[in-house]
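Asker: Pasting in a structure now, in structure tokens, and then I'll have a few things to ask.
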Amino acid sequence: MVKTKYLIIGNSIAAVNAVEAIREIDRHGSLCLVSDEPYHTYSRPLISYYLGNKVEEEALLYRPDYFYDLNKVQAFLGDKVVSLNCREKQVVLEDKTYIQFEKLLLATGGSAIMPQMPGQNLAGVFTFTTLDDAQRVKKFIATHQVKKAVVIGGGLIGLKVTEALVALNIQVTIIELADRILSATFDRTASRIIERALKGIGCACLTNTTVKEIRQGEEDGRVGSVVLKDESQIECQMVIVAVGVRPRVDLAREAGISLGRGILVDEYLKTSVEDIYAAGDAVEAYDLIAKMPRPVAILPTAAKQGRIAGYNMAGGRKVYEGSIPMNSVELAGIPTISVGLTDPAMLADVDRRNSLEIIQDYRERESIYKKIVLEDNRIVGVILVNKIDRAGIYTGLIKDRVDVAYFREYLLKDDFGLLSLPREYRKHMVIGQGIEI
Amino acid sequence: MKRIVIHEEYCMGCRLCEIHCLVQHSKSKQIIKAYKGEFPKPLPRVLVEEQGYLSFALQCRHCEDAPCLEACMTGSLHRDAETGAVICHEDKCVGCWMCIMVCPLGVIARRREGKKAASKCDLCAGEKIPVCVQHCPNEAITFEER
Ligand SMILES: Cc1cc2nc3c(=O)[nH]c(=O)nc-3n(C[C@H](O)[C@H](O)[C@H](O)COP(=O)(O)OP(=O)(O)OC[C@H]3O[C@@H](n4cnc5c(N)ncnc54)[C@H](O)[C@@H]3O)c2cc1C
Ligand code: SF4
Ligand code: SF4
């Protein structure tokens, strides 16, 4: 039986940031970390870069290789936690190790959704969320002649895989159930710009449709084609399923911890059970834009929650203010950033939807698009395509709920900067750090 | 930690800070080569904003609760244990621009020539006083313990 003051389940973004926060407060308290992945902590978003040969395997590390030593972490890697007993404050690992803890963090992240369909077990069908996935895909491409691939799901992960495959000279067809790609984070105009650019690099985007069956080709047991809803058939040697990620809550559920769509937490990121905290993709925390609890599965949120949970486990008392969905992604050579509520159509609440205002600048020929969504003179959402520099100024205005009435005519200008902001706010931004401006 | 303090009322908008910053972060450390002969062309990590008579020089504040550190997906942004400065390990950076999305001051630049990488103030690691401060003729930026 191992006894530890702090136990963290997970070895990714939320877990690592929690380790660092705990160590800022408590240099010496014993700290164990368990992950069912057999690797040193790596950056999950980089796996598509790795697949596309843009980074080497060593460059996937999220922290230097001395991370565990530096932070006095006893890491159990490649071992899964199979059960959690909240009353005894104990977990059991697959290899029958028992670990007793004082404080626990569930940083179990998410797992890829695999919809049921005939042919899903054929060789050449993959999900794409872990390094193991990336390695399997890489190996499959190297050993079988993959010329054409189908990617199911035109969201962020699907498109990042697409880019990697294109870099490997594979022709990709994206199949998207909604009427456009990136429908969860973009509006119609931005989706169209990216769709056009993807076509420009040789990809096909089929929207409003889905794969109902994967068929094997001549080779025994290997993918040969997919069949769509309308019975049309697309030849391919590989299928990547990227239809989404869901919070990994099985452990928490069996232990009787309260769940919504993710693990429920209070503002200190504590679960329904004393001394047990949760952070990252596994969690359903308050979403500042949707104004309700919601899983927001992005890296900055996982990092922030990990930090705050870590502080609080070590005796601090920090409040998690809430999540703002956001992403930055460059697709087909076009950099894009989206923050918050980018399309009023995404809101179910009709009154709120009608109260929103939009200002935008669309230069179609140059594929430049800037859009700002306002609610009561406060920015609640932004889309930037091609002109993304200094985007964080908008994010700051969203976070701080700054009234933009007096400078809104400057918001879309290409030289928009701090000088356009009211002097008081400008001061506040830097004085917050003890510096005058 | 020692920080760069901005005094906007003294800034004349001469942009000498930008020039010295660019040269400091070039390979040759020579102004003509830095501007004319280097690939990728170095970028200044200080930005002079100017509108009419108003101007000031702005660079990374090395925030205590730095949002860029939380958003960096590769771990290339990190805090220097000794100086407290927020530093970008450019070799490790992949140019995903997550940091640009969250920096509330907009002081991270995109290096797009050659290998993509985020370019930001490192307080001139190795120098006692950052070169922008050293060369500002009117003390519109100063280096102080705050
Ligand atoms: C291809 C791809 C691209 C992405 N790109 C972006 C991007 O550009 N921007 C962005 O913001 N986000 C991106 N994301 C999302 C981002 O990676 C996640 O938000 C982030 O990794 C969440 O971190 P986490 O620590 O909460 O969980 P995860 O990274 O999911 O890690 C969970 C950890 O817990 C371990 N674990 C779970 N259960 C157990 C158990 N029972 N026993 C032992 N160990 C367990 C897992 O093995 C894993 O190590 C991307 C994701 C993918 C897959
Ligand atoms: S880059 Fe921006 S967010 Fe990061 S420390 Fe500097 S000012 Fe703060
Ligand atoms: S651009 Fe570089 S420094 Fe910025 S978040 Fe991405 S990897 Fe980190």
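Asker: Could you count how many residues in the stretch B:64-109 are of a type outside the set (Val, Ile, Thr), more than 10 Å from ligand 2 (Cβ to nearest atom) and on the phi < 0 side of the Ramachandran plot? So that I can check it myself, show each step before the final result.
Answerer: Step one: filter the stretch B:64-109 for residues of a type outside the set (Val, Ile, Thr), giving B:64-73, B:75-82, B:84-85, B:88-93, B:95-99, B:101, B:103-106, B:109.
Still in the running and more than 10 Å from ligand 2 (Cβ to nearest atom): B:73, B:75-76, B:78, B:80-82, B:84, B:89-93, B:95-98, B:101, B:109.
Going one step further and asking which of them are on the phi < 0 side of the Ramachandran plot, we end up with B:73, B:76, B:78, B:80-82, B:89-93, B:96, B:98, B:101, B:109.
So the count comes out to 15.
Asker: Please go through the stretch B:57-90 and pick out each residue that is farther than 25 Å from A:Leu419 by Cβ and either free of Cβ contacts under 8 Å to residues at least 12 places away in the same chain or within 12 Å of ligand 1 (Cβ to nearest atom) (or both).
Answerer: Selection gives B:Glu70, B:Cys72, B:Met73, B:Thr74, B:His78, B:Ala81, B:Glu82.
Asker: While we're looking at this one, here's another question. Return only the number of the condition from (1) under 30 Å from A:Val92 (Cβ atoms); (2) touching a His at 6+ places or on another chain (Cβ under 9 Å) that A:Gly256 does not satisfy.
Answerer: It fails just one condition, (2).
Asker: Return a yes/no flag: does the stretch A:106-126 have any residue that is among the β-branched types (Val, Ile, Thr) and open to solvent by 40 Å² or more (accessible area, probe 1.4 Å).
Answerer: Of the residues in the stretch A:106-126, the ones among the β-branched types (Val, Ile, Thr) are A:108, A:113, A:125.
Adding the requirement that they be open to solvent by 40 Å² or more (accessible area, probe 1.4 Å) leaves A:113.
Yes: the stretch A:106-126 contains one or more residues that are among the β-branched types (Val, Ile, Thr) and open to solvent by 40 Å² or more (accessible area, probe 1.4 Å).
Asker: Scan the helices (runs of 4 or more DSSP H) fully inside the stretch B:1-90 and keep the ones with 3 or more residues being open to solvent by 70 Å² or more (accessible area, probe 1.4 Å). Give the steps one after another, and end with the answer.
Answerer: Numbers: elements: B:16-24, B:31-36, B:67-71.
Result: B:31-36.
Asker: If you don't mind, there's one more thing I want to ask. Looking at A:Asp65, A:Asp133, which one is open to solvent by less than 20 Å² (accessible area, probe 1.4 Å) and under 27 Å from A:Asn17 (Cα atoms)? Write out each step before concluding.
Answerer: Details: A:Asp65 fails: open to solvent by less than 20 Å² (accessible area, probe 1.4 Å).
Answer to the check: A:Asp133.
Asker: Out of the residues in the stretch A:64-95 that are out of contact with any strand residue (DSSP E or B) (no Cβ under 8 Å at 6 or more places or on another chain) and either away from ligand 1 (no atom under 14 Å from the Cβ) or not assigned by TED's automatic domain parsing to the domain that holds A:Ala21 (or both), which is farthest from B:Thr74 (Cα to Cα)? Show your work before the answer.
Answerer: First, pick out the residues of the stretch A:64-95 that are out of contact with any strand residue (DSSP E or B) (no Cβ under 8 Å at 6 or more places or on another chain): A:64-66, A:69-70, A:87, A:95.
With either away from ligand 1 (no atom under 14 Å from the Cβ) or not assigned by TED's automatic domain parsing to the domain that holds A:Ala21 (or both) added as a condition, the list becomes A:64-66, A:69-70, A:87.
Details: A:Pro64: 11, A:Asp65: 13, A:Tyr66: 16, A:Asp69: 20, A:Leu70: 19, A:Arg87: 38 Å.
Among those that are out of contact with any strand residue (DSSP E or B) (no Cβ under 8 Å at 6 or more places or on another chain) and either away from ligand 1 (no atom under 14 Å from the Cβ) or not assigned by TED's automatic domain parsing to the domain that holds A:Ala21 (or both), it is A:Arg87.
Asker: Since A:Arg307 meets every condition but one in (1) in a helix (DSSP H, G or I); (2) outside the structural domain of A:Tyr406 (by TED's automatic domain parsing); (3) in contact with a strand residue (DSSP E or B) (Cβ under 9 Å, 6 or more places away or on another chain), which condition does it not meet?
Answerer: For A:Arg307, the failing item is (3).
Asker: Just to be sure, is A:Asp343 out of contact with any Ser or Thr (no Cβ under 7 Å at 6 or more places or on another chain), closer than 26 Å to A:Arg196 by Cα and modelled with pLDDT of 95 or more?
Answerer: Yes: the conditions hold for A:Asp343.
Asker: Right, another one. Only one residue in A:Ile22, A:Ile8 is open to solvent by less than 10 Å² (accessible area, probe 1.4 Å), away from every other protein chain (no Cβ under 14 Å), away from ligand 2 (no atom under 16 Å from the Cβ) and within 22 Å of A:Ala297 (Cα to Cα). Which one? Give the steps one after another, and end with the answer.
Answerer: Details: A:Ile22 fails: within 22 Å of A:Ala297 (Cα to Cα).
Only one candidate passes the filter, namely A:Ile8.
Asker: Going by what's in this entry, would A:Glu37 be described as closer than 23 Å to A:Met313 by Cα and either in contact with a Leu (Cβ under 6 Å, 6 or more places away or on another chain) or touching a residue at least 40 places away in the same chain (Cβ under 8 Å) (or both)?
Answerer: On the way: closer than 23 Å to A:Met313 by Cα: no; either in contact with a Leu (Cβ under 6 Å, 6 or more places away or on another chain) or touching a residue at least 40 places away in the same chain (Cβ under 8 Å) (or both): yes.
For A:Glu37, the condition - closer than 23 Å to A:Met313 by Cα and either in contact with a Leu (Cβ under 6 Å, 6 or more places away or on another chain) or touching a residue at least 40 places away in the same chain (Cβ under 8 Å) (or both) - is not met.
Asker: Give the residue that is nearest to B:Glu127 (Cα to Cα), with candidates limited to residues of the stretch B:91-101 that are facing chain A (nearest Cβ under 7 Å) and part of a helix (DSSP H, G or I).
Answerer: First pass over the stretch B:91-101, keeping only residues facing chain A (nearest Cβ under 7 Å): B:92, B:94, B:96-98, B:100-101.
Of the ones still in play, those that are also part of a helix (DSSP H, G or I) are B:98, B:100-101.
Values: B:Met98: 29, B:Ile100: 26, B:Met101: 29 Å.
Only one residue tops the list, namely B:Ile100.
Asker: Output the residues belonging to the stretch B:66-90 that are more than 9 Å from chain A (Cβ to nearest Cβ) and either of a type in the set (A, V, I, L, M) or in contact with a helix residue (DSSP H, G or I) (Cβ under 6 Å, 6 or more places away or on another chain) (or both).
Answerer: B:Ala66, B:Leu77, B:Ala81, B:Ala85, B:Val86, B:Ile87 - these are the residues of the stretch B:66-90 that are more than 9 Å from chain A (Cβ to nearest Cβ) and either of a type in the set (A, V, I, L, M) or in contact with a helix residue (DSSP H, G or I) (Cβ under 6 Å, 6 or more places away or on another chain) (or both).
Asker: Also: Could you check B:Gln51 against (1) more than 14 Å from the chain's Cα centre (by Cα); (2) more than 9 Å from chain A (Cβ to nearest Cβ); (3) at pLDDT below 95 and say which number it fails?
Answerer: Result: B:Gln51 passes all but (2).
Asker: Is it the case that B:Gly114 is assigned to a loop (DSSP other than H, G, I, E, B), open to solvent by less than 60 Å² (accessible area, probe 1.4 Å) and touching a Phe, Trp or Tyr at 6+ places or on another chain (Cβ under 8 Å)? Let's see the steps before the verdict.
Answerer: Numbers: assigned to a loop (DSSP other than H, G, I, E, B): yes; open to solvent by less than 60 Å² (accessible area, probe 1.4 Å): yes; touching a Phe, Trp or Tyr at 6+ places or on another chain (Cβ under 8 Å): yes.
Yes; evaluated as a whole, the condition is true for this residue.
Asker: Give the stretch A:30-48 a look and list any residue that's more than 16 Å from ligand 3 (Cβ to nearest atom), touching a Phe, Trp or Tyr at 6+ places or on another chain (Cβ under 9 Å) and open to solvent by 30 Å² or more (accessible area, probe 1.4 Å), or say none.
Answerer: A:Ser30, A:His40
The values are calculated or read from the model by the stated rules, or taken from the named source; none is laboratory data. Given the structure is predicted, the values throughout are model-derived calculations rather than measurements. Please note: Cβ atoms are built from the backbone with ideal geometry, for glycine as well, and neighbour counts cover all protein chains shown. Quick note on the areas: whole protein, heavy atoms, side chains included, nothing else; ligands and nucleic acids left out. Shrake-Rupley method; radii C 1.70, N 1.55, O 1.52, S 1.80 Å.
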